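K.L.:
What follows is a single structure, and I will ask about it in a moment.
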Amino acid sequence: MASDDDSRIRLDGDTLVVEGPVVLAGTIRPPGDKSVSHRALLMAAIAKGESRISNLSTGADVSSTMRFLKCLGVGLQSREALVVVEGRGLEGLAEPTRVIDCQNSGTTMRLGSGLVAGLPYLSVLTGDASLRRRPMDRVAVPLSSMGAAVNTSPGGVPPVMIRGRRLRGIEYELPVASAQVKGAILLAGLAAEGRTLVKEKYPTREHTEVMLKALGASVEIADGEICLEPSEVLPFHAEIPGDISSASFFLAGAAMIPNSTVEAENVVLTPVRKRFADILVSMGAEIVCDCRGEVLGQSFGTLRAQWNGSLGGFSIGAREIPSLIDEVVILATAACLARGTSLIKDAAELRTKESDRIAALARELSKTGAFIEERPDGLLIKGVNGPPVAAEYDSHGDHRIAMATAMLACASKGVSRVHGISACAVSYPEFVSELIRMAGSDHFYS
Ligand code: S3P
């Protein structure tokens, strides 16, 4: 990561030091979308033939999926910005010879569980201290009813032990809105006997089903239902569009910080993933969206956000939360600077993420001067209608809390610090150097 002792933004060990206010100005091209990258790798691994994937996510989570696949004997080679995957079909996957460490990546563990559930092997999946606290019974239950023998540790947490079997398709209504659980069941359904039907009450990210369809699998996607017949997928060449969730910090930052303008080029713009931008617009932010094309069935294009000084509050609940699950962090952060009250409810799921995000946000956001009420299922926020107080923030070891509080640091007047900023490497290792590059002048406040 870049650092320069004289600059308004610098690194001091694992602490980001910001002398605010820092205006954000410029264009970012974030690395490949994390969710699309995981799935592209998994699908390339089970296709028959060579796939070439460029602009994969550079985050540590996607490296966990690459390691996961190597443990199953998949040939993966990185050639400069390109990853070449030698797919030999599902039957070409080998039994892992050791425990697979998914590190911090819940997506690797949950989607990976679906992949190995139909293989006649024993797989044991574990992770770091944060992942070992996260619920895995939500995949163990449906995969067991498909016929796999899946055991978790007491409390439904990792390690997860999976004895794969010949599976049968199921009809399953998701009790917890989760794209990872949906994806695990669909990946397992590829090799199951009979059709697999997944029903969801509210839309979660749609990457698994859309990508399966684009790669030739027999999938029907209707309102709230995905129906899959046993299928093979085709190898492919694709450039992964940029990560809209990574871009969301800079885009919301532009809406929060006077005189800022940020353009995020070449980012995923599927209907579910761009929902957070709709919420920012409903708050009064100025955001323009321009779709440019599709890759693996996923729309991508440009989002441009410009400060206009008119952020108000918002209210989101069960219908919106699943589609914004990773962006609630930055939306709650923006709410602290807005005029009026914001309400986030039906979001208890946030307590099961890389950190307990409701508790972490309540603690960090109360440092801004905003009124924060922590509730079992969300937050009530009364914004300060202006810049936040400069503060000492803690990332709680969570990449999204690290990046959101960095935006607060840029918005405040005075010196703020974000301790544990290196957590951002889980999804966006280039975050700090991009922030330094985007930092402009402070003429609005002075
Ligand atoms: C993801 C789904 C979401 C999200 C995670 C990535 C995915 O998790 O929080 O960062 O790629 O499917 P859930 O499925 O647990 O909601």
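The values are calculated or read from the model by the stated rules, or taken from the named source; none is laboratory data. What you are looking at is a predicted structure, and each value in this text was computed from that prediction instead of being measured. Cβ: placed from backbone, ideal geometry, glycine included. Neighbour counts: every protein chain shown. In case anyone asks, the SASA skips ligands and DNA or RNA and just uses the protein heavy atoms, side chains included. Shrake-Rupley method; radii C 1.70, N 1.55, O 1.52, S 1.80 Å.
K.L.:
Restricting the range 93-104 to residues that are touching a strand residue (DSSP E or B) at 6+ places or on another chain (Cβ under 8 Å) and crowded, with 16+ Cβ neighbours inside 10 Å, which is nearest to Met211 (Cα to Cα)? Don't jump to the end; show me each part of the working.
P.N.:
Within the range 93-104, the subset touching a strand residue (DSSP E or B) at 6+ places or on another chain (Cβ under 8 Å) is 95-96, 99-102.
After this cut, where a residue has to be crowded, with 16+ Cβ neighbours inside 10 Å as well, the list is 96, 100-102.
Values: Pro96: 26, Ile100: 25, Asp101: 26, Cys102: 23 Å.
Ranking the candidates gives Cys102 first.
K.L.:
Looking at the range 105-125, can you tell me whether even one residue there is open to solvent by 20 Å² or more (accessible area, probe 1.4 Å) and under 19 Å from the mean Cα position of the chain (by Cα)? Outline the logic, then answer.
P.N.:
So the first thing to find is which residues in the range 105-125 are open to solvent by 20 Å² or more (accessible area, probe 1.4 Å), and the list is 118, 120-122, 124.
So of that shortlist, the ones also under 19 Å from the mean Cα position of the chain (by Cα) come out as none.
No.
K.L.:
Suppose the filter is more than 16 Å from the ligand (Cβ to nearest atom), over 16 Å from Ala255 (Cβ atoms) and not hydroxyl-bearing (Ser, Thr, Tyr); does Gly369 pass it? Spell out how you get there, then give the answer.
P.N.:
Working: more than 16 Å from the ligand (Cβ to nearest atom): yes; over 16 Å from Ala255 (Cβ atoms): yes; not hydroxyl-bearing (Ser, Thr, Tyr): yes.
So Gly369 passes the test.
K.L.:
Give just the number: which of (1) free of Cβ contacts under 8 Å to residues at least 24 places away in the same chain; (2) surrounded by 15 or more Cβ atoms within 10 Å (Cβ to Cβ) does Glu80 not satisfy?
P.N.:
Condition (2) is where Glu80 drops out.
K.L.:
Still on this model: Name the one entry in Ala149, Ala177 that is farther than 28 Å from Gly317 by Cβ, aliphatic (A, V, I, L, M) and open to solvent by 10 Å² or more (accessible area, probe 1.4 Å).
P.N.:
Result of the check over Ala149, Ala177: Ala149.
K.L.:
If you scan the range 371-401, which residues turn out to be touching a Leu at 6+ places or on another chain (Cβ under 8 Å) and of a type in the set (Gly, Ala, Ser)?
P.N.:
Correct list: Gly378, Gly383, Gly386, Ala391.
K.L.:
Across the range 259-284, what is the total count of residues that are in a loop (DSSP other than H, G, I, E, B), on the phi < 0 side of the Ramachandran plot and either acidic (Asp, Glu) or open to solvent by 10 Å² or more (accessible area, probe 1.4 Å) (or both)?
P.N.:
Qualifying residue count for the region: 3.
K.L.:
Right, something else. Would you confirm whether any residue within the range 268-287 is within 16 Å of the ligand (Cβ to nearest atom) and under 30 Å from Arg88 (Cα atoms)?
P.N.:
yes
K.L.:
Also, quick follow-up: How many residues are among the small types (Gly, Ala, Ser), touching a residue at least 24 places away in the same chain (Cβ under 8 Å) and within 16 Å of the ligand (Cβ to nearest atom) when one looks only at the range 110-156?
P.N.:
The qualifying residues number 6.
K.L.:
Okay, next question. Among the residues of the range 66-82, is there at least one that is of a type in the set (Lys, Arg), more than 16 Å from the ligand (Cβ to nearest atom) and modelled with pLDDT under 95?
P.N.:
Yes: one or more hits.
K.L.:
I'd like the full set of residues that are within 15 Å of the ligand (Cβ to nearest atom) and of a type in the set (D, E, K, R), limited to the range 157-182.
P.N.:
Matches in the range 157-182: Lys182 only.
K.L.:
In this structure, does Ser395 turn out to be of a type in the set (Gly, Ala, Ser), more than 15 Å from the ligand (Cβ to nearest atom) and crowded, with 20+ Cβ neighbours inside 10 Å?
P.N.:
Yes; evaluated as a whole, the condition is true for this residue.
K.L.:
Checking Gly164 against (1) open to solvent by less than 20 Å² (accessible area, probe 1.4 Å); (2) free of Cβ contacts under 8 Å to residues at least 40 places away in the same chain, only one condition comes out false. Which one?
P.N.:
Failed condition: (2).
K.L.:
Please verify whether Ala252 is touching a residue at least 24 places away in the same chain (Cβ under 8 Å), aliphatic (A, V, I, L, M) and either over 30 Å from Gly114 (Cα atoms) or not in a strand (DSSP E or B) (or both), treating the condition exactly as stated.
P.N.:
yes
K.L.:
Would you point out the residue of the range 333-366, among those that are within 22 Å of Asn308 (Cα to Cα) and touching a helix residue (DSSP H, G or I) at 6+ places or on another chain (Cβ under 6 Å), that is farthest from the ligand (Cβ to nearest atom)?
P.N.:
So, considering only residues that are within 22 Å of Asn308 (Cα to Cα) and touching a helix residue (DSSP H, G or I) at 6+ places or on another chain (Cβ under 6 Å), the one farthest from the ligand (Cβ to nearest atom) is Leu337.
K.L.:
If you don't mind, there's one more thing I want to ask. For the range 335-370, how many residues are hydrophobic (A, V, I, L, M, F, W, C), touching a residue at least 24 places away in the same chain (Cβ under 8 Å), assigned to a helix (DSSP H, G or I) and out of contact with any Cys (no Cβ under 9 Å at 6 or more places or on another chain)? Give the derivation first.
P.N.:
Taking the range 335-370 first, the residues hydrophobic (A, V, I, L, M, F, W, C) are 335-338, 343-344, 347-348, 350, 358-362, 365, 370.
Filter once more, so that each one left must be touching a residue at least 24 places away in the same chain (Cβ under 8 Å): 335-338, 343-344, 347-348, 350, 360-361, 365, 370.
Among the residues that remain, those that are also assigned to a helix (DSSP H, G or I) are: 335-337, 348, 350, 360-361, 365.
With the extra rule that they be out of contact with any Cys (no Cβ under 9 Å at 6 or more places or on another chain), the set shrinks to 335-337, 348, 350, 360-361.
Going through the range 335-370 one residue at a time, the tally reaches 7.
K.L.:
Mind telling me which of the residues Val99, Val62, Val36 ends up being more than 16 Å from the ligand (Cβ to nearest atom) and at pLDDT 95 or above?
P.N.:
Val99
K.L.:
Identify, by number, the condition in (1) within 26 Å of Ala347 (Cβ to Cβ); (2) in contact (Cβ under 8 Å) with a residue 24 or more places away in the chain; (3) out of contact with any Phe, Trp or Tyr (no Cβ under 9 Å at 6 or more places or on another chain) that Phe431 doesn't meet.
P.N.:
Here Phe431 meets the rest and fails (3).
K.L.:
Also, quick follow-up: Any idea how many residues of the range 190-220 are within 16 Å of the ligand (Cβ to nearest atom) and not aromatic (Phe, Trp, Tyr)?
P.N.:
Qualifying residue count, the range 190-220: 14.
K.L.:
Could you list, in sequence order, the residues of the range 24-40 that are open to solvent by less than 10 Å² (accessible area, probe 1.4 Å) and more than 12 Å from Leu296 (Cβ to Cβ)?
P.N.:
Selection gives Leu24, Ile28, Pro30, His38.
K.L.:
For the range 302-320, check the following and say yes or no: at least one residue is part of a helix (DSSP H, G or I) and surrounded by fewer than 16 Cβ atoms within 10 Å (Cβ to Cβ).
P.N.:
So in the range 302-320, the residues part of a helix (DSSP H, G or I) come out as none.
No, because not a single residue in the range 302-320 is part of a helix (DSSP H, G or I) and surrounded by fewer than 16 Cβ atoms within 10 Å (Cβ to Cβ).
K.L.:
Here's something else I'd like to know. Open to solvent by 40 Å² or more (accessible area, probe 1.4 Å), in contact (Cβ under 8 Å) with a residue 60 or more places away in the chain and either within 16 Å of the ligand (Cβ to nearest atom) or in a helix (DSSP H, G or I) (or both): does that describe Pro230? Outline the logic, then answer.
P.N.:
Values: open to solvent by 40 Å² or more (accessible area, probe 1.4 Å): yes; in contact (Cβ under 8 Å) with a residue 60 or more places away in the chain: yes; either within 16 Å of the ligand (Cβ to nearest atom) or in a helix (DSSP H, G or I) (or both): no.
Judged against the criteria, Pro230 is not a match.
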